[in-house]
Amino acid sequence: MDEQQPQSTAKLWGGRFDRPTDQAVEAYTSSIDADRRMVRQDITGSIAHARMLGRQGIIPADDAGAIVSGLSRVLAEAESGAYQLDPRLEDVHMNVEARLGDVIGGEASGKLHTARSRNDQVALDVRLFTLEAVQSTVRLIRALQEVLIDLAERHADDILPGYTHMQRAQPVVLGHHLLAYVEMLERDAGRFADCGQRTAVSPLGSGALAGVPYPLDRIYAAQQLGLAAISENSLDAVSDRDFIVEYNAAAAICMMHLSRMAEEIVLWSTTEFGFITLDDAFATGSSIMPQKKNPDVAELARGKTGRIYGNLMSILTILKALPLSYNRDLQEDKPGFFDTVDTLTSTLDIFARMLPATTFHTNRMRAVARANYALATDVADYLARKGVPFREAHHVVGALVGYAVREGRELHELTLPDYQRFSPLFEADVLTIDLVDSVAARDVPGGTAPVQVQAAVQRARSRLEAHRAAG
Ligand code: ARG
């Protein structure tokens with residue numbers, strides 16, 4: 001069979017086989033649709049490996065040189081689209097090696113796989129891919145944080161209702177609300193960076209599972225790839241996909257955060273809330289209702305979060321109870337992972353562009369912040385400052401609110417005698433309690449007082465700069 005195939009499509013493992021692979025099996029076992037995305041990582045890893053083999057005298061220096069320049073050419077061809085990966089060749093590794101054979105001849109190219117197996121090779125490729133994904137994800141998180149910090153600064157004095165139980169609770173400033181997401185994203189970035197540290201480990205040298213019988217310089221190969229460490233145990237190295245689980249887990253948490261923001265965008269853009277209007281470029285229409293402008297991006301981010309959770313469950317389940325070491329099950333690690341990377345990064349990118357284009361209706365926010373007795377806690381605090389135990393003050397103001405509800409009036413529409421029916425400690429100044437005082441009074445670090453929010457903006461900004469400086 002192999003003789004009938006052109007050199008570049010012959011199975012590289014065909015030696016012990018007499019009969020060709022069933023076509024359905026070929027399709028079933030192929031990973032090319034997913035791992036074609038790792039062609040650059042695969043070639044970069046092979047170049048490092050070949051250099052190390054040549055340097056150690058494991059293969060002749062000439063062959064190593066030919067392999068390295070041949071691989072660079074294959075990479076350029078693959079990136080320009082001049083060379084298409086062949087699905088019949090099962091995976092990206094065999095595609096690259098076969099193409100290398102076409103380019104430099106089988107004699108030299110056949111030496112590349114010395115002291116290596118596809119098992120340590122794929123483990124390396126997917127680690128390199130993950131490291132790049134971590135980098136771009138963190139970069140996008142930082143960009144979204146920057147957008148939120150800028151908006152927070154602009155809206156450090158703009159008051160809106162804060163909610164608990166989806167009921168208006170106490171007034172807060174919009175900047176404070178936005179900075180809450182900056183904190184979530186900060187933890188997310190930390191989780192990705194952490195995952196990156198554990199990913200930057202070279203499995204090369206683990207071979208199929210047991211290590212290889214050649215005098216490798218594993219550290220040299222790792223260094224060329226910018227990897228900080230080499231794996232400690234070959235069985236673990238070919239079967240470990242923890243770093244993919246970690247990326248998926250960090251992504252699930254990050255998407256969960258984005259889904260919360262998405263939900264607020266959906267709510268805030270309703271006529272009922274009227275807090276924001278999305279830019280036309282970030283909304284879509286209805287095919288039947290001409291008046292509709294829908295927050296589809298936010299809705300889809302909410303929906304896609306489900307898929308990201310599914311991908312996390314999927315990789316955990318793929319790995320569950322797998323015996324050591326490499327098993328072909330591991331090939332199923334990539335499609336869901338790549339989907340998660342694409343979904344998360346595109347969501348981060350769109351949000352960072354959608355938010356600055358959004359109109360915030362701060363007058364409307366402020367108008368509703370005052371309604372529904374949102375300052376009741378402040379009135380209770382007023383009594384507490386006069387020595388009334390807070391529990392009792394709470395009770396007194398509860399009764400006052402009950403009275404106002406029955407009267408159909410807001411707190412600021414009551415008179416001083418109304419107040420004094422509930423406590424003789426109320427004086428004329430209780431009538432001046434307003435939204436601005438309410439937020440300004442919450443002048444504790446982490447609180448919603450505009451001075452605190454401005455300080456938090458500055459801290460968030462320097463933190464961002466420090467991250468940037470640290471690279
Ligand atoms: N496509 C495989 C994967 O993604 C590459 C490694 C194949 N190894 C093997 N022994 N068949 O895991």
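The values are calculated or read from the model by the stated rules, or taken from the named source; none is laboratory data. Predicted model, so just to flag it, every value in this text is computed and none were measured. Using ideal geometry, Cβ is built from the backbone for each residue, glycine included, and neighbour counts are taken over all protein chains shown. Ligands, DNA and RNA are stripped out before the accessible areas are found, and what is left, the full protein with its side chains, is counted by its heavy atoms. Shrake-Rupley method; radii C 1.70, N 1.55, O 1.52, S 1.80 Å.
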Being within 23 Å of Val25 (Cβ to Cβ) and more than 16 Å from the ligand (Cβ to nearest atom) is the filter here; which residues of segment 70-98 pass it? Gln84
Only one of these is within 16 Å of the ligand (Cβ to nearest atom) and open to solvent by 40 Å² or more (accessible area, probe 1.4 Å): Pro335, Pro356. Name it. Pro335
Quickly run through segment 407-432 and pick out the residues that are surrounded by 13 or more Cβ atoms within 10 Å (Cβ to Cβ) and closer than 22 Å to Pro161 by Cα. Arg409, Glu410, Leu411, His412, Leu414, Val430, Leu431
Enumerate the pairs (first residue in segment 69-81 and modelled with pLDDT of 95 or more; second residue anywhere and of a type in the set (Lys, Arg)) with beta-carbon separation below 6 Å, excluding pairs fewer than 6 apart on the same chain, so at least 6 apart or on different chains. Val74/Arg99
For residues that are farther than 14 Å from Leu235 by Cα and in contact with a helix residue (DSSP H, G or I) (Cβ under 8 Å, 6 or more places away or on another chain), scanning just segment 314-329, find the one that is least open to solvent (accessible area, probe 1.4 Å). Ile315
Looking at (1) open to solvent by 30 Å² or more (accessible area, probe 1.4 Å); (2) in contact with a strand residue (DSSP E or B) (Cβ under 8 Å, 6 or more places away or on another chain), which is the one condition that is false for Pro213? (2)
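Quick one: would you say Gln41 is within 16 Å of the ligand (Cβ to nearest atom) and at pLDDT 95 or above? If you could, list the steps in order and put the result at the bottom.
Numbers: within 16 Å of the ligand (Cβ to nearest atom): yes; at pLDDT 95 or above: yes.
Yes; evaluated as a whole, the condition is true for this residue.
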Given Ile318, Ile265, Ile253, Ile276, which one is within 16 Å of the ligand (Cβ to nearest atom) and not aromatic (Phe, Trp, Tyr)? Ile318
Yes/no for Arg88 being buried (at least 23 other Cβ atoms within 10 Å of the Cβ), touching a residue at least 40 places away in the same chain (Cβ under 8 Å) and closer than 30 Å to Asp63 by Cα: no
Neighbours by Cβ (under 6 Å, 6+ apart or cross-chain): first from segment 245-260, farther than 13 Å from Ile141 by Cα; second among the β-branched types (Val, Ile, Thr): Val245/Ile315; Tyr247/Thr130; Asn248/Ile315; Asn248/Thr340; Ala252/Ile308; Ser259/Thr305
Is it the case that some residue within segment 22-38 is buried (at least 16 other Cβ atoms within 10 Å of the Cβ), in contact (Cβ under 8 Å) with a residue 40 or more places away in the chain and not in a helix (DSSP H, G or I)? yes
Applying the selection to segment 438-465, what residues are surrounded by fewer than 19 Cβ atoms within 10 Å (Cβ to Cβ), under 17 Å from Leu151 (Cβ atoms) and not charged (D, E, K, R)? Gln454, Ala455, Gln458, Leu464
Taking segment 429-441 on its own, how many of its residues are closer than 22 Å to Glu392 by Cβ and of a type in the set (Gly, Ala, Ser)? 2
Condition broken by Leu227, with the remaining ones in (1) at pLDDT 95 or above; (2) in contact with a strand residue (DSSP E or B) (Cβ under 8 Å, 6 or more places away or on another chain); (3) in a loop (DSSP other than H, G, I, E, B); (4) farther than 30 Å from Arg116 by Cβ satisfied: (4)
Any idea which residue in segment 216-245 is nearest to Thr317 (Cα to Cα), counting only those that are open to solvent by 50 Å² or more (accessible area, probe 1.4 Å) and under 26 Å from the mean Cα position of the chain (by Cα)? Asp242
Whether any residue in segment 110-119 is crowded, with 24+ Cβ neighbours inside 10 Å and either away from the ligand (no atom under 16 Å from the Cβ) or of a type outside the set (Gly, Ala, Ser) (or both) is what I want to check. yes
Taking segment 341-380 and keeping only residues that are part of a loop (DSSP other than H, G, I, E, B) and among the polar types (S, T, N, Q), one is left with Thr358, Asn372
Number of the exception - Val92 against (1) within 30 Å of the chain's Cα centre (by Cα); (2) more than 25 Å from Pro203 (Cα to Cα): (2)
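Quick check on Arg154: is it without any contact (Cβ under 8 Å) to a residue 12 or more places away in the chain, open to solvent by 40 Å² or more (accessible area, probe 1.4 Å) and either within 16 Å of the ligand (Cβ to nearest atom) or more than 30 Å from Met52 (Cα to Cα) (or both)?
Working: without any contact (Cβ under 8 Å) to a residue 12 or more places away in the chain: no; open to solvent by 40 Å² or more (accessible area, probe 1.4 Å): yes; either within 16 Å of the ligand (Cβ to nearest atom) or more than 30 Å from Met52 (Cα to Cα) (or both): yes.
Answer is no for this residue.
Can you name the residue in segment 381-406 that is in a loop (DSSP other than H, G, I, E, B) and not small (Gly, Ala, Ser) and, of all such residues, is least open to solvent (accessible area, probe 1.4 Å)?
Step by step, filter segment 381-406, then rank; the result is Val388.
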